[in-house]
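Asks: First the structure, which I've put down as structure tokens, then a few questions once you've had a look.
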């Protein structure tokens, strides 16, 4: 494979963004051509990743499509490569990006050109995160994502956007500074930032704890874990729909990916040592945020809090270090990517029409918008983990995995399954059922063509992967097994070292 | 053939759900009804094959979840137990489909209604044809979903929406236990397929585990957790509160889901898992205890309810209790037999109630009825047949199954068996009282309805009466017809491949007095009830006045709703609010980002003062700094 397909995937959106940037002419023409460029480049990228998936070899856990270019001699290499875990995240990203672009075109009323540039740049950065095999490169992409997101919230956001953008920035920056220090120390300890080499090097045990904590601080904020989650509801509330979608569907997943790739891969002893911490925080997240979600009167906030709860399952699964747990968390992340994206789009649909996110402004939508009610119902059910939707597969496997490690954690986390039913169904009832709440609602139009296509694709995937998740399992199977084996051998190595 | 049985209803549901508008309501109704009927006819063929040729099959559809050692398939498994359930589900469902055509005649959303009904049938069929616990769970939650959708079908009614949510959530509480049971099974057995689990069970009998700080026998714990799911779905005491509320749904739904099929899924689960339950006497005793408590509790509440559907709902709850204690004393086949007969006569009672409600123009309160049996004789007869069958009047279907339950409980010979038999007989008495109260209040006495003229009371259309008739015939005959096959001497042959009996079932003749007592009680009650509820109502009124506390206790359904509201609903809301306001806003944000920014602001505010612009300030600061430096250098 000589064609640098990963570079192509990463940079196509950026090239698209550059195109949009340099277009000149009348305002109307600019807007139109930037729409086309954005749609074309993101869709082309999606099909390219489908091709990538098709040509991906699922029988090996080695990194594939590896590209290596010298950047700074002996220090940072521009090194890319993917395995069974990262390819799914890439697929998710390139699938969600066009949806965001469609949604943005639909609802962003000013500075559309700049908005599209921001989304495309964002896509490049996110893809970079999942492809990079060099710590510094990873860091650049990981934190680079902060900037376009900060702008998306800060420019196109709601009335309190500045506070939210600032809170978002402050939280994430705190984590990232620590991670940067950790990366520098890793280079200092091992002399390389090449991930493939690092995975084979055993970092001395005494360093692992601090390094793990530094990485943790960054990932825990991004994921977000309790108690670092308070930026998320605010960011979601103020962000435009497309921003919320990116945030929920992909940005949060970067942290889950980070935990899997780096925390487990590089610091097995520390991961083992801190597992109780992770479990505790996750269980608190699941129960605490579910209860908080119950009492929200803002739809976006409610869904944001439910995201925190869902991500709690992800961390439990990852650190259970069982096959079911890890695969469950990957599936959970994929399905949460679809479901949360869809739920935020659902909120976006009614927000575009009525300009309110308050649950109390709605009621009886089913009378006016039956198609919308149907779509919303599907995603509510998926969010509460109904069997037959992808939400169930992930959640259930995580719990199966967790149960083998710690029964108590699994039981407490299962309580979240009851609570999610409570807050999601209550939300649905208040928004959709009942009598038509006001005369403005009577004027609302049902889903239009674009919206139907977007939602249809999401509904299809949510149900398809709920009933037949085999393609996902096939892709991740070997890589996850390998991850667990490596982790176990490394851990044993360290443990025997201690005993001697 | 198996594929057709399971997937035809799904197909019908999809077509009528998505293309209902284009096809028109009429064609949707015909389409879904005929698809389900085909499925019912095929189910009879399967049943016949199983009966005559010991037919069994296990068809793999495709892989579902395949993660490490966790393998689960979609499959269709046919064995005797499944074949019986197939017949019950698809037959009753097809009858209800036809009945709905008449009942929902003036509803604007017929296609949607039919789609939900068919979807429910599909989910129920996947539940009974599962060969592993996860597919069972899929069907389990699937029927829960359909129940949710159908209870809330009239979405403009706030009470219907509340009832729908309550049903789903109470069931989720049960499913929480069920899910943990499945985790346990996978953890210790390494599989969730029935066959392998059942085979390995005898090897794990001695296993003890610590679960949330308490030591349990593994098998007992698994059984109790699975039973928790069953309690939710089958509305057993503690998790029963959703069932009476579920009557907010259209009556055909109550007949199909909340009487004949879905609520019996819990019984099905226990019977299906008999190869596990048989090894845990503790769990079986719990099942018996819960069953008989529910049977008694629900019957007492049914005595004083005034909503015709709620009475029947509590009666369902009570009869489900019978099925559970039958299973609990090891008479699984009798439990299934009662499930089978109950499906017919209870569905009949609901359809009959539906006709009554229809005749009275949507009146459901029996206090506003009465004296109409001559106006609607057909409905009257249907209800009488249903009531006779329910109360166990000799030679109708309920007589065979209910008496068998009491007899088997007695023959078990254990303390709990005797207790169950006693409760069974007493509850049979209560059942007779509340059933005849319903009949007499509805059809006899004075005409009490103020809104409708007596002359406006009319018989229901044929589309409603004919399906009810079929059920009535069933309610009369199936007891006699299927008695031998289900619970006769050779029945263990029939059940052998799906039910495990550790202790071989005893077919000794119970004492004659036991055989006679229940039918006698049931028959004697009829004239007494007539006297109390029609001829001389004063006695009861005085009784109620004297025992106001007891009466209120029953009318308020033993105060379960109030209790749960007090223990769970309100505190949860308060805790949620507390976490949000005090936790997120006042602690994390206050000392986190906001605190940080405040700190920066305070420091910078202070720092601003340093830049005063006066030269002597700077000079003074320099002097101090210089002297500190000097001191330091001198000292060290």
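Asks: Out of all the residues in the range A:360-378, is one or more outside any helix (DSSP H, G or I), in contact with a helix residue (DSSP H, G or I) (Cβ under 6 Å, 6 or more places away or on another chain), touching a residue at least 12 places away in the same chain (Cβ under 8 Å) and more than 9 Å from chain B (Cβ to nearest Cβ)? Give the steps one after another, and end with the answer.
Replies: Start the filter on the range A:360-378 by keeping residues that are outside any helix (DSSP H, G or I), which leaves A:362-364, A:369.
From what is left, the residues that are in contact with a helix residue (DSSP H, G or I) (Cβ under 6 Å, 6 or more places away or on another chain) are A:362.
In the following step, the residues that additionally are touching a residue at least 12 places away in the same chain (Cβ under 8 Å) were identified as A:362.
Now drop any that are not more than 9 Å from chain B (Cβ to nearest Cβ), which leaves A:362.
Within the range A:360-378, one or more residues are outside any helix (DSSP H, G or I), in contact with a helix residue (DSSP H, G or I) (Cβ under 6 Å, 6 or more places away or on another chain), touching a residue at least 12 places away in the same chain (Cβ under 8 Å) and more than 9 Å from chain B (Cβ to nearest Cβ).
Asks: Which count do you get for residues in the range B:21-56 that are touching a helix residue (DSSP H, G or I) at 6+ places or on another chain (Cβ under 9 Å) and farther than 24 Å from residue B:467 by Cα?
Replies: 8
Asks: Quick check on the range B:546-554. Is at least one of its residues under 35 Å from the mean Cα position of the chain (by Cα) and either within 14 Å of chain A (Cβ to nearest Cβ) or in contact (Cβ under 8 Å) with a residue 24 or more places away in the chain (or both)?
Replies: Kept after step one, since they are under 35 Å from the mean Cα position of the chain (by Cα), are these residues of the range B:546-554: B:547-554.
Filter once more, keeping what is either within 14 Å of chain A (Cβ to nearest Cβ) or in contact (Cβ under 8 Å) with a residue 24 or more places away in the chain (or both): B:551, B:554.
Checked the range B:546-554: at least one residue is under 35 Å from the mean Cα position of the chain (by Cα) and either within 14 Å of chain A (Cβ to nearest Cβ) or in contact (Cβ under 8 Å) with a residue 24 or more places away in the chain (or both).
Asks: Of all residues in the range B:129-165, how many are more than 10 Å from chain A (Cβ to nearest Cβ), over 17 Å from residue B:232 (Cα atoms) and in contact with a strand residue (DSSP E or B) (Cβ under 9 Å, 6 or more places away or on another chain)?
Replies: Of the residues in that region, 4 qualify.
Asks: Filter the range A:434-451 down to the residues that are under 17 Å from residue A:377 (Cα atoms) and not in a helix (DSSP H, G or I), then identify the one that is farthest from the other protein chains (Cβ to nearest Cβ). Outline the logic, then answer.
Replies: Quick first cut of the range A:434-451, residues under 17 Å from residue A:377 (Cα atoms) only: A:434, A:446-447, A:451.
When the remaining residues are screened for being not in a helix (DSSP H, G or I), the result is A:434, A:446-447.
Working: A:434: 6, A:446: 12, A:447: 14 Å.
Only one residue fits best here, namely A:447.
Asks: If you don't mind, another one. State whether one or more residues within the range B:57-79 are away from chain A (no Cβ under 14 Å) and part of a helix (DSSP H, G or I).
Replies: Step one: list which residues in the range B:57-79 are away from chain A (no Cβ under 14 Å), which gives B:57-59, B:76-79.
Remaining after also requiring part of a helix (DSSP H, G or I): none.
No; the residues of the range B:57-79 include none that is away from chain A (no Cβ under 14 Å) and part of a helix (DSSP H, G or I).
Asks: Further, regarding this structure: Can you name every residue in the range A:388-421 that is facing chain B (nearest Cβ under 7 Å) and surrounded by 24 or more Cβ atoms within 10 Å (Cβ to Cβ)?
Replies: A:393, A:397, A:399, A:400, A:403, A:410, A:421
Asks: Continuing with the same structure: Among the residues of the range B:442-450, is any in a helix (DSSP H, G or I) and under 17 Å from residue B:535 (Cβ atoms)?
Replies: Taking the range B:442-450 as the starting set, the residues that turn out to be in a helix (DSSP H, G or I) are B:442-443.
Going one step further and asking which of them are under 17 Å from residue B:535 (Cβ atoms), we end up with B:442-443.
Yes, the range B:442-450 has at least one match.
Asks: Given (1) within 14 Å of another protein chain (Cβ to nearest Cβ); (2) under 21 Å from the mean Cα position of the chain (by Cα); (3) touching a residue at least 24 places away in the same chain (Cβ under 8 Å); (4) surrounded by fewer than 20 Cβ atoms within 10 Å (Cβ to Cβ), identify the lone condition not met by residue A:166.
Replies: Residue A:166 satisfies all of (1) within 14 Å of another protein chain (Cβ to nearest Cβ); (2) under 21 Å from the mean Cα position of the chain (by Cα); (3) touching a residue at least 24 places away in the same chain (Cβ under 8 Å); (4) surrounded by fewer than 20 Cβ atoms within 10 Å (Cβ to Cβ) except (3).
Asks: Name every residue in the range B:81-106 that is in a loop (DSSP other than H, G, I, E, B) and touching a residue at least 60 places away in the same chain (Cβ under 8 Å), in order of residue number.
Replies: The initial filter retains those residues of the range B:81-106 that are in a loop (DSSP other than H, G, I, E, B), namely B:104-106.
The answer is B:104, B:105.
Asks: Oh, and also: Is it fair to say residue A:151 is in a helix (DSSP H, G or I), free of Cβ contacts under 8 Å to residues at least 60 places away in the same chain, surrounded by fewer than 24 Cβ atoms within 10 Å (Cβ to Cβ) and under 16 Å from the mean Cα position of the chain (by Cα)? Before you say what the answer is, go through the steps one by one.
Replies: Working: in a helix (DSSP H, G or I): yes; free of Cβ contacts under 8 Å to residues at least 60 places away in the same chain: yes; surrounded by fewer than 24 Cβ atoms within 10 Å (Cβ to Cβ): yes; under 16 Å from the mean Cα position of the chain (by Cα): no.
In short, no.
Asks: Going residue by residue through the range B:418-430, is there one that turns out to be free of Cβ contacts under 8 Å to residues at least 12 places away in the same chain and in contact with a helix residue (DSSP H, G or I) (Cβ under 7 Å, 6 or more places away or on another chain)?
Replies: Here is the first cut: in the range B:418-430, the residues free of Cβ contacts under 8 Å to residues at least 12 places away in the same chain are B:418, B:422.
Imposing the further condition that a residue be in contact with a helix residue (DSSP H, G or I) (Cβ under 7 Å, 6 or more places away or on another chain) reduces the set to B:418.
Taking every residue of the range B:418-430 in turn, at least one turns out to be free of Cβ contacts under 8 Å to residues at least 12 places away in the same chain and in contact with a helix residue (DSSP H, G or I) (Cβ under 7 Å, 6 or more places away or on another chain).
Asks: Counting residues that are surrounded by 11 or more Cβ atoms within 10 Å (Cβ to Cβ) and within 14 Å of another protein chain (Cβ to nearest Cβ), which helices (runs of 4 or more DSSP H) fully inside the range B:558-636 reach at least 1? Explain how you work it out, then say what you get.
Replies: Values: elements: B:560-564, B:570-578, B:593-610, B:615-635.
Qualifying helices (runs of 4 or more DSSP H): B:560-564, B:570-578, B:593-610.
Asks: Being more than 24 Å from residue B:139 (Cβ to Cβ) and at the interface with chain B (Cβ under 7 Å from one of its Cβ atoms) is the filter here; which residues of the range A:422-433 pass it?
Replies: Kept after step one, since they are more than 24 Å from residue B:139 (Cβ to Cβ), are these residues of the range A:422-433: A:423, A:426-427, A:429-433.
Residues satisfying the conditions are A:426, A:429, A:433.
Asks: OK, next. Looking at the range A:472-492, can you tell me whether even one residue there is more than 21 Å from residue A:303 (Cβ to Cβ), more than 25 Å from the chain's Cα centre (by Cα), loosely packed, with under 15 Cβ neighbours inside 10 Å and facing chain B (nearest Cβ under 9 Å)?
Replies: No - not one qualifying residue is present in the range A:472-492.
Asks: Return the only residue of B:198, B:188, B:178, B:168 being touching a residue at least 24 places away in the same chain (Cβ under 8 Å), within 11 Å of chain A (Cβ to nearest Cβ) and surrounded by fewer than 21 Cβ atoms within 10 Å (Cβ to Cβ). Break it down into steps so the answer makes sense when it comes.
Replies: On the way: B:198 fails: within 11 Å of chain A (Cβ to nearest Cβ); B:178 fails: surrounded by fewer than 21 Cβ atoms within 10 Å (Cβ to Cβ); B:168 fails: surrounded by fewer than 21 Cβ atoms within 10 Å (Cβ to Cβ).
The match here is B:188.
Asks: Step by step: first the residues of the range A:187-226, then only those that are in contact (Cβ under 8 Å) with a residue 24 or more places away in the chain and part of a loop (DSSP other than H, G, I, E, B), then the one that is nearest to the other protein chains (Cβ to nearest Cβ). Which residue is that?
Replies: Per the stated criteria, the residue is A:226.
Asks: Looking at A:349, A:398 in this structure, which one is farther than 27 Å from residue A:239 by Cβ, in contact (Cβ under 8 Å) with a residue 12 or more places away in the chain and in a helix (DSSP H, G or I)? So that I can check it myself, show each step before the final result.
Replies: Working: A:349 fails: farther than 27 Å from residue A:239 by Cβ.
The unique qualifying residue is A:398.
Bear in mind these aren't lab numbers, they're just calculated from the coordinates by the rules spelled out. Quick caveat: nothing in here was measured; it's all calculated off a predicted structure. When we count neighbours, we look across all protein chains shown, and the Cβ atoms used for this are built from the backbone with ideal geometry, even at glycine.
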